[in-house]
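These notes concern the structure reproduced below.
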């Protein structure tokens, strides 16, 4: 914390709220200072979905390589196959291709399922395991979502719900959207739900509830209203947007 406090004291409380590009370089400097601190001991960082990095992916990969070589930091990284990432990491990293190690993946899936279903009655446990393995298509997220859904249903409906669970992640998501539509009491509720999902999916960062509320109050025909410019409210929206 010392390295963060020093920067915080010199730059002020608004330092970490800044949108200035130099903030990233300052954070990188702080990060390297922390790694150089002998009190940190051995460090290991886990980065999931490296390929989904919205910023400078090349720079991030360079940081991973530089810190692992200079400071002895361990990095565990997951990513889809991207030639640029693989070419940079290949000479220095131990790369495990999940497609080439399908047996190990299935073994990990089985261990995960066995751990998650321990609390169920042994008489039905094997059937649960088989259904989960059959429908999950070797996807951890599918199993997590399915079991989370099953936690919400009464015990007597457990098997029926599990058997109805769609096979594969895409079909599972489609089923979830259908359930949202069915649970909405009115068309207005459904429209509001769709608006909220659209806002969350397209936002650059996670939003506070107050921000989502404000965005929901913006009229759907905003572009047409902006061209009319007939009221102070429209002028204010245009000014804020500009």
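Since every read-out is calculated from the coordinates, none of them should be taken as a lab result. Here the structure is a predicted model, which is why all the values come from computation and not from measurement. Backbone-built Cβ (ideal geometry, glycine too); neighbour counts: all protein chains shown.
For this structure, a couple of remarks:
- Part-to-part distance (alpha-carbon centres) for the range 115-150 and the range 198-215, which is given in Å: 33
- Pairwise FRET efficiency - residue 203 versus residue 63, Cβ, R0 = 22 Å, nearest 0.05: 0.25
- Sorting 29, 149 by the number of Cβ atoms found within 10 Å of their own Cβ, with the fewest placed first, yields 29, 149.
- Each of residue 74 and residue 153 was given a label point 7 Å from its Cα along the Cα-to-Cβ line. The distance between the two points is 4.0 nm.
- Relative exposure of 142, 75, judged by other C-beta atoms within 10 Å (fewest first): 75, 142
- Note on residue 99 and residue 210: with the Förster distance fixed at 35 Å, the Cβ-Cβ geometry gives a FRET efficiency of about 0.20.
- Taking label positions 7 Å along the Cα-Cβ direction at both residue 28 and residue 129, the computed distance is 4.9 nm, reported to one decimal.
- A viscosity of 1.002 mPa s and a temperature of 20 °C, combined with the Kirkwood radius over Cα pairs in Stokes-Einstein, give a translational diffusion coefficient for the range 1-158 of 109 µm²/s.
- More than 15 Å apart - percent of Cα-Cα pairs taken over the range 102-179: 53
- Value in Å of the Kirkwood radius, where the range 142-189 supplies the Cα pairs that are averaged: 11.7
- Contact order normalised by residue count of the range 31-143, Cα under 8 Å, 6+ apart, percent: 21
- Whole-number percent relative contact order across the range 102-179, with pairs defined as alpha carbons under 8 Å at least 6 apart: 28
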